[in-house]
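The values are calculated or read from the model by the stated rules, or taken from the named source; none is laboratory data. What you are looking at is a predicted structure, and each value in this text was computed from that prediction instead of being measured. With ideal geometry, Cβ positions are generated from the backbone for all residues, glycine too; neighbour counts draw on all protein chains shown.
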Amino acid sequence: QVQLVESGGGLVQPGGSLKLSCAASGTILSINAMDWYRQAPGKERELVAGITSGGNTNYADSVKGRFTISRDNVKNTVYLHMNNLKPEDTAVYYCKAEIVRGYDYKEWRYWGQGTQVTVSS
């Protein structure tokens, strides 16, 4: 059994900061790409940021310069540091990971359950 568990969401004022975490657990051989997505009410889910196993990153234009994605390969955890938050960043944030399972050596895509981020005064 492999699962992703997110934490760190909440309510923050515009201009504030939050740090999201997503930890993978279970029988894991390795983790390839790890990404953060978000979905606002009435909108499609969109990619926010991604990071490869080697540490290469990519960001949506709307968050460049404000968000930073990082990962700890020992802890099987990916983070999203969000600064200068804006009301338009309000959404449910999901992590996604491409995980090679330790019991069948197959790569599968896993999603977290989502964590709410609300930016409001």
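For the stretch 1-120, which strands (runs of 3 or more DSSP E) that fit wholly inside it have 2 or more residues that are crowded, with 17+ Cβ neighbours inside 10 Å?
Once the strands (runs of 3 or more DSSP E) in the stretch 1-120 are filtered for at least 2 residues that are crowded, with 17+ Cβ neighbours inside 10 Å, what remains is 2-7, 18-26, 28-39, 46-51, 67-72, 77-82, 91-101, 115-119.
Answer yes or no: is there a residue in the stretch 41-56 that is touching a residue at least 24 places away in the same chain (Cβ under 8 Å) and among the polar types (S, T, N, Q).
no
Restricting to the stretch 102-121, name every residue that is β-branched (Val, Ile, Thr) and touching a helix residue (DSSP H, G or I) at 6+ places or on another chain (Cβ under 8 Å).
Our first condition is that a residue be β-branched (Val, Ile, Thr); within the stretch 102-121, this holds for 115, 117-119.
Correct list: 117, 119.
Name the residues in the stretch 35-53 that are of a type in the set (D, E, K, R) and either touching a Pro at 6+ places or on another chain (Cβ under 7 Å) or within 17 Å of residue 109 (Cα to Cα) (or both), would you?
35, 38, 45, 46, listed by residue number.
Does residue 49 fit the bill of being of a type outside the set (Val, Ile, Thr) and over 18 Å from residue 31 (Cβ atoms)?
No: the conditions fail for residue 49.
Hey, can you tell me all the residues within the stretch 92-106 that are out of contact with any Gly (no Cβ under 7 Å at 6 or more places or on another chain) and at pLDDT 95 or above?
96, 97, 98, 99, 100, listed by residue number.
Inspect the stretch 3-16 for any residue being acidic (Asp, Glu) and within 21 Å of residue 99 (Cβ to Cβ) and give the result as yes or no.
Yes, the stretch 3-16 contains at least one residue that is acidic (Asp, Glu) and within 21 Å of residue 99 (Cβ to Cβ).
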